[in-house]
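Trainee: Dropping the structure in here first, questions after.
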Amino acid sequence: MNYIDKTEVPTPKLNVNTKISKWDKYEFVEINKMKFIRGYNSESIGNSKLFEYKIINTPDILFKLLLLHQKLNVKFHHMQKKISDELSDDDIENILNFCKLYGLPFWGKNPTANFCINQEHNKSKDIALNTIIHPIIPFANENFFHIASFIQCLYWLKTDFLRIVVANNWEDDINIFHLLKSDDKQRMANIHASQSENKQTMLFLPNLNPYVTYWDDEKMCLVLNCENIIHFSTYQLCLLQQAQDYSGGYIKKCPKCNQLFVAAKPQQKYCKNPCTRQAYYSLKRRKK
Ligand SMILES: [Zn+2]
């Protein structure tokens, strides 16, 4: 059933402001038999901001999370304890490497099932209230996230991604292929069967929390606030599903740095971040 009225309301330009929790160092810790990643700063820096706001308008983080999921050996379980028990040193290493580049995916010292909300002190569970930009950012010298919750989060991110791939018949797209695991084929067949039965693509993570925008007088544009990079990635899932002009070349792999990126035009070959065609050929010439 399609009950969306496609009226001609102009699409507003959005800047996406995301809370990022980056630290100098990251380590694996066990507290009360629960497994966490701890982010902290070297002592010379002292207390620092719990997070900062960053404008991000590209989907790289979503792809990096999907690629991280691909690398992990630990399987999804509804019981978080089972995930903790099966976590390998390799898995932890891969998660630590991700944190070094992108910071903590979400934060708080508790297990969670709502990955788009950080369990900060004295915060309400209402994301609409929480996502209003606060002029005062709390200070801290460390921050944590619960690993088993994160593994569940990655599973749902991947599930929603597969649902979008199946709904749009992107299974054979050469660029989507980089983001799929060998056992995803069977999962996609199951998703296909349930989508045909329900005649609906149901996404889990984008339904967890609202997306709150506010007006920025300085930039004269609407700003969307994301609580953390998971909340941000669920917004990117929505964009992916709504990308009307997907031409099969939307997600590409840069031949120079091997990173996935979203091409602005179908013919764009290099990520432009920073690779360009000229840089690629001059590098090749130097290697000869
Ligand atoms: Zn590149």
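The numbers here are math on the coordinates, done by the rules we state, and not lab data. Here the structure is a predicted model, which is why all the values come from computation and not from measurement. All Cβ positions, glycine included, derive from the backbone under ideal geometry; neighbour counts span all protein chains shown.
Trainee: Based on alpha-carbon positions alone, could you give the equivalent ellipsoid semi-axes of the stretch 140-183 from the gyration tensor, as √(5λ), descending, whole Å?
Mentor: 30, 11, 9
Trainee: Right, something else. Residues with amide H under 5 Å of K35's amide H, sequence separation 5 or more or different chain, H placed in the peptide plane at 1.01 Å from N; which?
Mentor: Close amide H contacts, sequence-distant or interchain: I147, A148.
Trainee: Dimensions of the chain along principal axes (Cα, Å, largest first)?
Mentor: 59, 49, 48
Trainee: Taking every pair of alpha-carbon atoms in the stretch 183-236, what share in percent sits in each 5 Å bin, from 0 to the bin with the longest distance?
Mentor: Result returned by the calculation: 4, 16, 16, 14, 16, 12, 9, 6, 5, 3.
Trainee: Please list 3J(HN,Hα) in residue order for the stretch 83-99, calculated via the Karplus relation 6.51 cos²θ - 1.76 cosθ + 1.60 where θ = phi - 60°; whole Hz, with x for glycine and proline.
Mentor: 4, 4, 4, 8, 4, 9, 4, 4, 4, 4, 4, 5, 5, 4, 5, 5, 4
Trainee: What ranking, highest mean first, results for peptides 145-151, 256-262, 88-94, 55-61 when packing means the other Cβ atoms within 10 Å averaged over each residue?
Mentor: By packing density, highest mean first, the sequence is 145-151, 256-262, 55-61, 88-94.
Trainee: How about K252: which lysines have a C-alpha closer than 16 Å to its C-alpha, ignoring those fewer than 8 places off in the same chain?
Mentor: Within reach: K64, K265, K269, K272.
Trainee: While we're here: Report, to two decimal places, the Cα Rg of the stretch 121-263 normalised by 2.2 N^0.38 Å (N = number of residues).
Mentor: 1.24
Trainee: What residue among M188, M202, M79 has the largest mean-square fluctuation in a Gaussian network model of the chain, using Cα springs under 10 Å?
Mentor: Maximum fluctuation in the GNM of the chain, among the listed residues, is at M79.
Trainee: Each residue of the stretch 69-80 in order: what ³J(HN,Hα) in whole Hz does its phi give by Karplus 6.51 cos²θ - 1.76 cosθ + 1.60, θ = phi - 60°, with x for Gly and Pro?
Mentor: Karplus values, whole Hz, x for Gly and Pro: 4, 4, 7, 7, 8, 5, 8, 6, 9, 5, 7, 5.
Trainee: Right, something else. What percent does the relative contact order of the chain come to when contacts are Cα pairs within less than 8 Å and at least six residues apart? Please report the intermediate quantities before stating the final value.
Mentor: Working: 412 pairs, mean separation 66.4, N = 288.
RCO, the chain: 23 percent.
Trainee: Sticking with this structure for a sec: Output the relative contact order of the stretch 135-256, whole-number percent, from Cα pairs under 8 angstrom with separation of 6+ residues.
Mentor: On the way: 63 pairs, mean separation 33.1, N = 122.
So the answer I get is 27 percent.
Trainee: How many percent of Cα pairs in the stretch 23-148 exceed 27 Å?
Mentor: 20
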